[in-house]
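Some notes on the structure that comes next.
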Amino acid sequence: MVSNELKKFNMEEDEPVSPTGQYFNSSVLSVSILAFFESDKPIDDSPAIITLENSFLPVNPRFSSIMVKDEHGVQTWKRVNVNLEEHLKIPTFPAGLESYDEYVQEYIAKIAMEPLSQRRPLWELHLIKYPTKHAEGVMVFKLHHALGDGFSLMGALFSMVQRADKPSLPLTFPSSHAKPQNDDDHGSTIWETLCSAFSVGVNTICDFGWSFLKSTLIEDDKTPIRSGDPGVEFRPITISTVTFSLNDVRRIKAKLGGTVNDVMSGIIFYGTQLYLHTASKGSSKYSKVTALVLLNTRVISNYQNLQEMTKPDAKSPWGNQFGFIHVSVPSSTEDLEKGNPLDFVMKARETINAKRNSLGVFLTGRLLEMLRKMRGPEVTAQYVHSTLKNTSMTVSNLIGPIEQMQIAGQNCRGLYFMVVGVPQSLTITMVSYNGKIKVAMGTEKGFIDSELLVSCMEKSFQRIFTVSGAKTC
């Protein structure tokens, strides 16, 4: 029987809250991640409590901890007894309806807006047992960003699931390792090395300087994807999704070169410009539109055993291990309807590769750490808030399992995630799963036309696929 009260029990040592965890759970920011598991059959809630107790809580002590602050202002994770009934939410909607899509969308908007209680561990599980046009039911984990980044938290959730076809075998994930260098690369001349170092230096100065200016002085223009209003993070959102075939994206990649992420970034940027052009009737053609692209800064970017992730010297450690880069969303001097959409893929690849070839992310991290030590976590959280507020959107991505998975006996038809509580009108996430890539878009309700945005993303993909010469097998 799980206790109905929070009863603290002693540990040898409480774990300190990481600096990023403090920024994301402050008076200025409260950021969470919603992870959606779409079921292909009606959800059975009977095994929920036992699954949480045996499979979820043991993953990491933070799932059984609350954030506390001592008399010196130092924040730590304090272990508590967990009342699982308080964390499990099962909504009830009117019976007998033909469609529950509107009710489900409103419920998701509600849980996205509501802050997690600081009296309990910072997570919830919502079981939506009603069919929509996409699934027979949806499991939604709400996890506070202070617990860890998307990589850590999704890795934790993946540890709870099994392969649907062969439960005894582990899930497998697409490789994200870079291709090995050619033998000729080892014979680089001193001149080539100096040129490379110079390039890194120039990119670092430009990236760090531009990031600092964007975080402090320069805001993006107000456009149909950026209202720029104060308190936008407290407004209702609509979460929409669009799904692409992973094989089709790889066929585009084979024609154009680069990576799957390069192709997807180009699709998103082109789709964004199509939306701006349509929604503003062409008046946003020369607007400043900047995306914050999140990067995983781990040495190894594949999911590891959770015991490995929690080791002090882990190459893929648990926690918030990411950085962000400012990327100007490419625009076209030509009519978008007549221009070459492949330019957006090429420009996205060129820009992101240049920014990866710099130490800008590292220096920004050092700046945040210096600011925290000199001014405290609240002031640093305000800087992070300004970084988000001054840009138009955030783009992040994760890799999911190659095989279909099941959780507590429920086969998972679809998978996606969304970051909520950020001061932006548009947030875009991507995740690959079971041969598909699902793009999720969190949009400010009543400001962004979510249906039009979905249509523009679909049109973007189709045009890039067609012009690239890729063919569906």
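The values are calculated or read from the model by the stated rules, or taken from the named source; none is laboratory data. Fair warning: this is a prediction, and the values are worked out from it, not measured in the lab. A quick note on method: Cβ atoms are made from the backbone with ideal geometry, for glycine too, and the neighbour counts reach across all protein chains shown. Please note that ligands, DNA and RNA were not included when accessible areas were found on the heavy atoms of the full protein model with its side chains. Shrake-Rupley method; radii C 1.70, N 1.55, O 1.52, S 1.80 Å.
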Any chance Leu127 is at pLDDT 90 or above, in contact with a Ser or Thr (Cβ under 9 Å, 6 or more places away or on another chain), part of a strand (DSSP E or B) and open to solvent by less than 10 Å² (accessible area, probe 1.4 Å): no
Selection within segment 29-73 - charged (D, E, K, R), part of a loop (DSSP other than H, G, I, E, B) and closer than 19 Å to Gly155 by Cα: none
First in segment 227-244 and closer than 20 Å to Ala279 by Cα, second anywhere and among the small types (Gly, Ala, Ser) and assigned to a strand (DSSP E or B), Cβ under 7 Å, 6 or more apart: Ile237/Gly442; Ile239/Ala440; Ile239/Gly442; Thr241/Ala440
Hits in segment 426-462 (condition: in contact with a helix residue (DSSP H, G or I) (Cβ under 6 Å, 6 or more places away or on another chain), open to solvent by less than 10 Å² (accessible area, probe 1.4 Å) and small (Gly, Ala, Ser)): Ser460
Selection count where residues are part of a strand (DSSP E or B), in contact with a Leu (Cβ under 8 Å, 6 or more places away or on another chain) and open to solvent by less than 40 Å² (accessible area, probe 1.4 Å), scope segment 74-111: 2
Selection from segment 387-415 of residues that are among the hydroxyl-bearing types (Ser, Thr, Tyr) and crowded, with 23+ Cβ neighbours inside 10 Å: Thr391, Ser392, Ser396
So Val249, is it closer than 30 Å to Lys133 by Cβ, assigned to a helix (DSSP H, G or I) and either among the aromatic types (Phe, Trp, Tyr) or touching a residue at least 12 places away in the same chain (Cβ under 8 Å) (or both): yes
Qualifying residue in segment 393-405 (condition: in contact with a Pro (Cβ under 7 Å, 6 or more places away or on another chain), of a type outside the set (Ser, Thr, Tyr) and farther than 20 Å from His326 by Cβ): yes
Hits in segment 323-353 - residues which are over 17 Å from Leu388 (Cβ atoms) and open to solvent by less than 40 Å² (accessible area, probe 1.4 Å): Pro330, Ser332, Leu336, Gly339, Pro341, Leu342, Phe344, Val345, Ala348, Ile352
First in segment 70-99 and farther than 18 Å from Asp44 by Cβ, second anywhere and part of a helix (DSSP H, G or I), Cβ under 6 Å, 6 or more apart: Gln75/Gln22; Trp77/Arg62; Arg79/Ser64; Val82/Ser64
Selected residue [open to solvent by less than 20 Å² (accessible area, probe 1.4 Å), at pLDDT 90 or above and among the polar types (S, T, N, Q)] from Ser46, Ser39: Ser39
Residues of segment 252-264 satisfying the condition of being more than 22 Å from the chain's Cα centre (by Cα) and either of a type in the set (Phe, Trp, Tyr) or in a helix (DSSP H, G or I) (or both): Ile252, Lys253, Ala254, Lys255, Leu256
Members of segment 220-240 that are part of a strand (DSSP E or B) and open to solvent by 30 Å² or more (accessible area, probe 1.4 Å): Ile237
